[in-house]
1. Can you name the residue in the range A:123-150 that is touching a residue at least 60 places away in the same chain (Cβ under 8 Å) and in contact with a Gly (Cβ under 9 Å, 6 or more places away or on another chain) and, of all such residues, is surrounded by the most Cβ atoms within 10 Å (Cβ to Cβ)?
2. Keeping to the range B:46-80, report how many residues are free of Cβ contacts under 8 Å to residues at least 40 places away in the same chain and in a strand (DSSP E or B).
3. Which of the residues spanning the range A:246-275 are farther than 20 Å from residue A:399 by Cβ, among the hydrophobic types (A, V, I, L, M, F, W, C) and either part of a helix (DSSP H, G or I) or within 14 Å of another protein chain (Cβ to nearest Cβ) (or both)?
4. Out of everything in the range A:351-395 that is in contact with a helix residue (DSSP H, G or I) (Cβ under 9 Å, 6 or more places away or on another chain) and among the small types (Gly, Ala, Ser), what residue ends up being nearest to residue A:251 (Cα to Cα)?
5. Could you please give the count of residues in the range B:56-105 that are small (Gly, Ala, Ser), out of contact with any strand residue (DSSP E or B) (no Cβ under 6 Å at 6 or more places or on another chain) and surrounded by 14 or more Cβ atoms within 10 Å (Cβ to Cβ)?
6. Can you name the residue in the range A:327-370 that is modelled with pLDDT of 95 or more and of a type in the set (Gly, Ala, Ser) and is also nearest to the chain's Cα centre (by Cα) among such residues?
7. In the range B:1-31, what residues are in a strand (DSSP E or B) and either among the aliphatic types (A, V, I, L, M) or open to solvent by 40 Å² or more (accessible area, probe 1.4 Å) (or both)?
8. Out of A:280, A:187, report the one residue that is open to solvent by less than 60 Å² (accessible area, probe 1.4 Å) and either more than 14 Å from every other protein chain (Cβ to nearest Cβ) or not in a helix (DSSP H, G or I) (or both).
Amino acid sequence: MNDQTLMQAHLAAARPQVIAALTRSFRDIDLAEDGFQEASLRALKRWHADGIPRHPTGWLVRVGRNVIIDRLRKLDRESALGDVQLQMLAVDTEAALMEAIDRAELRDDVLRLLFMCCHPDLTAQDQLALALKVVVGLPTPRIARAFVVKPRTMEQRLTRARRRAAEVAESIDTPTREQRLHRLEAVSTMVYLLFSQGYSGSDGDAHIRSELCNEAIRLARLLLDLFPSQPELIGLLALCLLQHARRDARMTTDGLLIPLDKQDRSKWHAEPIREGRNLVQKALRKGHPGPMQLQAAIAALHCEASTAEQTDWAQIEQLYRLLYEMTPSPIVALNHAVAVHKVDGADAALMQLDELDNDLQDYLYYHSTRAGLLVELGQITEARKAYQRALDLQPSHAEAHYLKKRLSSIERK
Amino acid sequence: MYYSILIYAQEGVWERLTEQEQEAALEQHRQLQAECEKEQTLGPVVRLGATSGAVTVRQRSGKPMTLDGPFAETKEHLLGIYLVKCSSIDEAIAAAKKLPQGIACYEVRPVMWSNADQ
């Protein structure tokens, strides 16, 4: 194995924890990033000679702290921290065994760092961009590519976002149980958003989008590693894995979306499906189902069916019903109606859809789903109207192609 | 007798490697497996899932209870197991040295009993 690539992999894997620990020590994200940067450079030299240490994270935190302390001394900024505290830090780092990073502390540190990125004043996209920059360490041009903006623009947005987040960094606390749960929820949502940006987004090229999915999965793993008993975190990881397992089957070579029942299931990746299913089972046996777990369970049922016909729609229908009770959104109701269609037929599904008419008037999939049901019930004129309405709602190139194909197929009837 | 080669590594590093790098590492595994297969010394080979999917069953107040996560809270996790028929620990060590180094470390331990023996 190439030494260099292996060391880079270790550095990337350790980054969130190291940045988080350094941010707590110095209450400054910029310093923490500089510290990590310098520690990484030293690591590449030292590890090359001595081998990779057993605890790369501990090694990097220790060296990073020393680097920052040296820098603060040089800058004569001791007053900012206080002499005594600086000395304490120095003693602490010398004495610290590499294993001695307090796990309980570290998990709050990582959570806090991610939580800083979800600052409520930031737009969802800026939150993601900031997390990609600070936590993941993705270079700015790559982030810009992911969100299809100019690197210069992204740079400016990141600077602003960073300033916001820095305010939080100054007030380091040990969260109460409620705060911790609240943070976990906000952070989970952000990680799922990051995943969705990669998964359902049509922005940016396919390669960078797949990278976003992978980073989201890594963050979900990291969170779960730190909070192994949170069933919703287990659900989050499972959901991402199960959806991403279908990545190679869900688009044609020209970028057209292939619906689930038409996908070549042999292209689904078996390993993440196995892992995802196990996680769903593990989460559900805890008896505290939540939205992530239910969505993951639905995804697992789809993945378990070796053909579309074998899908356990009855169970999926029940899960959507439960999901709707927990998160009563029209989109969930729409998905529920699709399951109702499979279980109770087009009539029942259409009746359910009619109730959503107000809420989803401007939602493309509402109209395309409705059109499909109308075709099945032989109401061609209505179906045509529904497809037309969907086409009016600015479908993407791929969606428009699909809709037009459907429309022309009923014209021939 | 069988020797076990226990594969320990830090979780999260494997995923950071590119597909080509992963493929190169897997190729080394396949080579060892093919070699042992030829010598008819290969026992069961197992690759374990991530510890996030693990639960631990442990007795609490007289009852087996399940706890989340792996048994040991360590940085290096057990990721896989080989059983290889060897006449000495040296042979087993030689086999372990053929596996991709740096990415994992390999604990070589004698097997006292195995159903592969039966």
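1. The extreme case among them is A:146.
2. Total satisfying the criteria: 14.
3. A:270, A:273
4. Restricting to residues being in contact with a helix residue (DSSP H, G or I) (Cβ under 9 Å, 6 or more places away or on another chain) and among the small types (Gly, Ala, Ser), the top hit is A:368.
5. Residues that pass the stated criteria total 2.
6. A:333
7. Listed by number, the residues that qualify are B:5, B:6, B:7, B:8, B:9.
8. Within the list A:280, A:187, the selection yields A:187.
The values are calculated or read from the model by the stated rules, or taken from the named source; none is laboratory data. Owing to the predicted nature of the structure, the values given are computational and were not obtained by experimental measurement. All Cβ positions, glycine included, derive from the backbone under ideal geometry; neighbour counts span all protein chains shown. Side chains included, ligands, DNA and RNA excluded: accessible areas come from the protein's heavy atoms. Shrake-Rupley method; radii C 1.70, N 1.55, O 1.52, S 1.80 Å.
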